[in-house]
Amino acid sequence: MSRPAAAVHRVIKAYDVRGLVGAEIDESFVTDVGAAFGRLMGEEGARQVAIGYDMRDSSPSLAAAFGAGVIGQGLDVVRIGLASTDQLYFASGLLDCPGAMFTASHNPAAYNGIKMCRAGAKPVGADTGLEAIRDDLIAGVPTYGGTPGTVADRDVLDDYGVFLRSLVDTSELRPLRVAVDAGNGMAGHTAPAVFGAIDSITLFPLYFKLDGSFPNHEANPLDPANLVDLQAFVRETRADIGLAFDGDADRCFVVDERGNPVSPSTVTGLVAARELNREIGATVIHNVITSRAVPELVTERGGTPLRSRVGHSYIKALMADTGAIFGGEHSAHYYFRDFWGADSGMLAALYVLAALGEQRRPLSELTADYQRYESSGEINFTVADASSCVDAVLKHFGGRIHSIDHLDGVTVDLGDDSWFNLRSSNTEPLLRLNVEARSVEDVDAVVQQVSAQIAAQSAREKAVP
């Protein structure tokens, strides 16, 4: 059946399918998405699709509906059951087949969605398949006249844990006390499988019970409010490190032994240094809002830094095109060539644990080696006209601008180790600001000036009848 274009456009995003369960996404709709995906993958030569799902109440039935659409197009389905997103990517790589993961990541309980990939965890994004799926949904997915596919179950959790541990040598670690906040998300399922087999690690679990209603806090560690419990738990348990994961456990955030958050840019620098130790000259990808400490460190270690737009589809494409060994984003997505170029928060966590456990210093001292600047974090402004607000900001700074580029939004270098990036959200009426400078005072000064210009421009627009 054909679907209204407006309804389809609301849920087919730049990187995935996501919306309110019942109101925007239901089993009938998802069956059609599965059929469109199966048709696309079948045309590309695929014969089976791996399907996993997170702990949300709606996920099992939606995953089953999607599978019905896939087998209706003649492809087989391999159900891996409860999984993290990077566990689904592992299954896609292991089985060399496309995959679909049912999750809305860090979104509230009322949402769900689908992250899809080709064989070997290659992304399916707006320009690499989602547009074709959208068009099929609007026109109506053509009926397949052949024999339906089959359904089989395969548990890959243990294989996933073994594979991740094979990529990072943890044999010489000193004893480590590791606090993990799963946020009632999928890390409660995967963390024991990955860390439990490492004798030197004592695991302190927080909110490991799978619960898609998120009874303790949102599974979004990017919001500092959702790290508060882990910070207190680290101090209470006297842990050496704290790890927080989002709902589908593909992102990992780190807290040091004092309970202080470690910037994802710092984690990117640390992991990049370790990867470059085993392949000098390798390419490391970072996005436009990652700290400039990262490309500086990569260059100093003999590597080649490569700057990317924000977003996993851009970084994964660059990983494939350049053969980069590693990529990191300030949102705590970490990408590994050894993991099919896909992102894995759990693998990043293993690298940090290895770096910590191979030496005697506490994490706060170890990470200080990779911190050179202060940053604002991402600040969001709700605006009616992002373009006019950006123009007002650029006009204000005028002659102070040392250089400017438009790779992703606008990145303005102020020539004194200070820079800022302004870019529009793909999905919301938001303008996102990131600022970096040598001192907190310099960061605050730039934030205040940018904020004042955005506020003034927004006020001018509201005043126009």
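The values are calculated or read from the model by the stated rules, or taken from the named source; none is laboratory data. Remember, predicted model here, so these are calculated numbers, not experimental data. Note that each Cβ is placed from the backbone with ideal geometry, even for glycine, and that neighbours are counted across all protein chains shown. In case anyone asks, the SASA skips ligands and DNA or RNA and just uses the protein heavy atoms, side chains included. Shrake-Rupley method; radii C 1.70, N 1.55, O 1.52, S 1.80 Å.
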Quick tally, 1.4 Å probe accessible area for Trp419, Trp340, sorted with the most first, runs Trp340, Trp419
When the charge dipole of segment 130-283 is computed with +1 on Lys and Arg Cβ and -1 on Asp and Glu Cβ about the Cα centre, the Cα farthest towards its positive end, among Val267, Val178, Leu243, belongs to Val178
In segment 339-465, if the dipole is taken from +1 on Lys/Arg beta carbons and -1 on Asp/Glu beta carbons about the Cα centre, which of Ala437, Val383, Leu356 is farthest to the positive end? Val383
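How high is the relative contact order of segment 9-76? Use alpha-carbon pairs under 8 Å, at least six apart in sequence, and give a whole percent. Could the numbers behind the result be given before it?
Numbers: 76 pairs, mean separation 27.4, N = 68.
Rounded, it is 40 percent for segment 9-76.
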Reduced to Cα centres, the span from segment 153-224 to segment 96-132 in Å works out to 22 Å
Select from Phe208, Phe37, Gly188 the residue farthest towards the positive end of the dipole of the chain; place +1 on Cβ of Lys and Arg, -1 on Cβ of Asp and Glu, and compute about the Cα centre. Phe37
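What is the Cα radius of gyration of segment 392-461 over 2.2 N^0.38 Å, N being its residue count?
Working: Rg = 12.0 Å, N = 70, 2.2 N^0.38 = 11.1 Å.
Normalised by 2.2 N^0.38 Å, the Cα Rg of segment 392-461 equals 1.09.
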Computed from every Cα-Cα pair in segment 1-121, P(r) in 10 Å bins starting at 0 and rounded to whole percents is 15, 50, 31, 3
Relative contact order of segment 141-283 (C-alpha contacts under 8 Å, at least 6 apart) in percent is 22 percent
Whole-angstrom Cα spans of segment 338-419 along principal axes, big to small: 50, 31, 23
For Gln48, residues with placed amide H under 5 Å, excluding near neighbours: Asp76
Could you rank the peptides 85-93, 387-395, 322-330 by their average count of other C-beta atoms within 10 Å per residue, with the highest value first? 85-93, 322-330, 387-395
Please compute P(r) over all alpha-carbon pairs of segment 163-237, binned at 5 Å starting from zero, and give each bin as a whole-number percent. 3, 15, 23, 22, 18, 12, 6, 1
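In debye, nearest 20, what is the charge dipole magnitude of the chain about its Cα centre with +1 on Lys and Arg Cβ and -1 on Asp and Glu Cβ, if you could check?
Details: 39 positive and 61 negative charges, 46 e Å.
Using Cβ point charges on Lys, Arg, Asp and Glu, the chain gives about 220 debye.
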Take each of the peptides 50-63, 357-370, average the number of other beta-carbon atoms within 10 Å over its residues, and list them starting from the highest. 50-63, 357-370
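Output the antiparallel fraction of DSSP beta bridges having both residues in segment 225-372, as a percent to the nearest 5. Don't skip to the answer; put the middle values down first.
On the way: 10 of 18 bridges.
In segment 225-372, DSSP labels about 55 percent of beta bridges as antiparallel.
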Which of [x] 200; [y] 142; [z] 159 is the computed volume of the Cα convex hull per residue in Å³ for the structure on display? [y]
Pull up the cross-link candidates among the lysines for Lys13, meaning alpha carbon to alpha carbon under 27 Å and not fewer than 8 places away within one chain. Lys115, Lys122, Lys316
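When DSSP assigns beta bridges and you keep just the ones with both residues in the chain, what percent turn out antiparallel, to the nearest 5? The partial results should precede the final answer.
Working: 39 of 71 bridges.
Once the DSSP bridges in the chain are tallied, antiparallel ones form about 55 percent.
Sorted by mean Cβ packing within 10 Å, highest first, what order do the peptides 238-250, 33-45 take?
Details: 238-250: 26.7, 33-45: 21.8.
Output ranking for 238-250, 33-45: 238-250, 33-45.
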Summing -39500 (n - 2.57) over every DSSP H run of at least 4 in the chain, dividing by its residue total and rounding to the nearest 500, the 222 nm mean residue ellipticity is -11500 deg cm²/dmol
Calc'd 3J(HN,Hα), segment 4-13, phi into Karplus 6.51 cos²θ - 1.76 cosθ + 1.60 (θ = phi - 60°), Hz, glycine/Pro = x, comes to x, 4, 4, 5, 5, 5, 5, 10, 8, 8
